[in-house]
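Before any comments, here is the structure.
The values are calculated or read from the model by the stated rules, or taken from the named source; none is laboratory data. Note that the structure is a prediction, hence the values are computed from the model and not measured. Neighbour counts are summed over all protein chains in view; Cβ atoms, including those assigned to glycine, are modelled from backbone coordinates with ideal geometry.
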Amino acid sequence: MDVTPDCGEVISAPSPHEAYAHAPDLRREMHHVLALRAERDGRQARPVTGPPVDAAAAERAWRLRQAALMDRMALDDPSPGPAAAAAETAEQLVLHDRRHPDLVAGPHHPDATAFAPSHRLYVRQEYAAWTAAGCPGS
């Protein structure tokens, strides 16, 4: 739980255990994130087994899963390299969500001051909300 300095509002994000309770193991998730990136970059065709996927939602699902994966890896190894990668991918998710606020799933906007300077709490909020909503866009 964190307090927003300018208004005193209490903003909470799920703990890593809560946020990633239904996440695949790290190795499987890493494989899936790499496959999503290959689809995104056009190096691999997306399987045609369902309705067309909205491009912004698919991009967000990839960015969210990548940020969550990096966050989980940094939790296992909090040294500067993994922590910096987690912070960078979290920032990329925030930038995407600022451009597409309709895709934000959790209760707090990415600019909530409680998430500064690291947006890893935002990633946890959004991953938990995304899985609760049935993983849209993936």
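Some notes on this structure:
- Any chance L95 is free of Cβ contacts under 8 Å to residues at least 12 places away in the same chain, surrounded by fewer than 21 Cβ atoms within 10 Å (Cβ to Cβ) and not small (G, A, S): yes
- A count restricted to segment 100-137 and to residues that are surrounded by fewer than 16 Cβ atoms within 10 Å (Cβ to Cβ) and touching a residue at least 40 places away in the same chain (Cβ under 8 Å) stands at 4.
- Taking (1) at pLDDT 95 or above; (2) under 17 Å from the mean Cα position of the chain (by Cα) in turn, R37 satisfies each apart from (1).
- Every residue from segment 57-90 that is under 14 Å from the mean Cα position of the chain (by Cα) and surrounded by fewer than 16 Cβ atoms within 10 Å (Cβ to Cβ): A57, E88
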